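*Asks:* If you scroll down you'll find the structure; I have some questions about it.
Nothing in this text is a laboratory measurement; each read-out follows from the coordinates by a stated rule. Predicted, not measured: the structure shown is a model, and the values here were computed from it. FYI the Cβ positions are ideal-geometry reconstructions off the backbone, even for glycines, and counts take in every protein chain you see.
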Amino acid sequence: MPKEVTIQDEDIEVIETTGVDIFEAQERASINSQIATARKFPRTLKRVLNESIVIATFNKETALTCRYAKPVGTKTINGASVHLARIICQQYGNIRVQQRIKSIEHKVIVAEAVAFDLETNYAVCVEARRSIIKRDGTRYDDSTIETNAMAVMAIAERNAIFKIIPKSIIDIVYAEAFKFAYGDLSDNAMLLKERNRIFNVFKNTYAMSEQDVIKCIGLNTKEAVTAENIADLQGYLQSLKDKEFTVEDLLKRNTVKPTPEVKKVTLKKKQATSSKKITTPPEMP
């Protein structure tokens, strides 16, 4: 066990310290040093904004990764992706971000991410959860759980970063990346070209038919696809690539659910059928 030796009035006093104490002291000294450096070399928000836009719009492939879309129930949730969060975070500087798996329970994985702004001494801690149960109630295998663990850590990281960096910067960079990625989809020829490209990616990479793709965005025909639908489909592709959800999750949206009226008719038919059944009494011996 390490020991510290101090001299007081020519007497030697031995102070025992544990490994934990040493680690905490080293970690505290490291953070204090980083805070001092951050305040000595503060960030310039104008530079952060400009450099983030340059990187996010460096090429179309990068710009496309800056937006995600995810099906939730009958709706689509979309917004700035973890890739955009990392781009801005790198340029923002003077910030510490750490993420870890907090626990793997029977039904869910819990991830935790901490973002610490060294200049303002402001920190946030965010949790994210991911189910690891299949539709039939069984648990995913170990390799699938590992993949989901990486995905949920990325989600926690993104949410923590976006709680630190000002929303005004995020919105501007996101808008520029979106415009660079999709161009002017108000032009019908451009929209048709992008629509065909995306449909081919779904077909060749994920074996999804054209009708599957159309249904998963709540439409009936390919001609009804709009510029917003194109952006959502590209977001789906990015989220599939990042393992945020699976093809099965998309296809679940295509299952037609009975309306309340259909449910009532089905229930009445069952009740009428059951009332017609005649119970035969047991034969007398």
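*Asks:* For TYR206 paired with LYS75, estimate the spin-label separation in nm (one decimal), with each label point 7 Å from Cα along the Cα-to-Cβ line.
*Replies:* 2.1
*Asks:* Can you sort THR226, THR74 by how many other beta carbons sit within 10 Å, fewest first?
*Replies:* Ascending Cβ contact count within 10 Å gives the list THR74, THR226.
*Asks:* Taking 22 Å as R0, compute the FRET efficiency from the Cβ-Cβ separation of GLU61 and VAL97 and round it to 0.05.
*Replies:* With a Förster radius of 22 Å, E is 0.40.
*Asks:* Please work out the FRET efficiency for the pair ARG135 and ASN50, using the Cβ-Cβ distance as r and a Förster radius of 41 Å; give the result to the nearest 0.05.
*Replies:* After rounding, the FRET efficiency stands at 0.30.
*Asks:* Sorted from fewest to most neighbouring beta carbons within 10 Å, what does the list ASP136, ASP184 look like?
*Replies:* Final ranking by Cβ density, sparse to dense: ASP136, ASP184.
*Asks:* Test of understanding: what is the full-extension gain from THR120 to LYS167, defined as 0.36 nm times their sequence separation minus their Cα-Cα distance?
*Replies:* Separation in residues times 0.36 nm, less the Cα-Cα distance, equals 15.3 nm.
*Asks:* What is the extension gain from ALA189 to ILE22, computed as 0.36 nm multiplied by their sequence separation minus the C-alpha to C-alpha distance, in nm to one decimal?
*Replies:* Roughly 53.6 nm would be gained on extension.
*Asks:* Working from the pairwise distances between different alpha carbons, so that the mean of 1/r is found and then inverted, what is region 45-252's Kirkwood radius in Å?
*Replies:* Across region 45-252, the inverse of the average 1/r is 18.3 Å.
*Asks:* Fewest first, what order do PHE41, PHE180, PHE58 take by the number of other Cβ atoms within 10 Å?
*Replies:* Ascending Cβ contact count within 10 Å gives the list PHE41, PHE58, PHE180.
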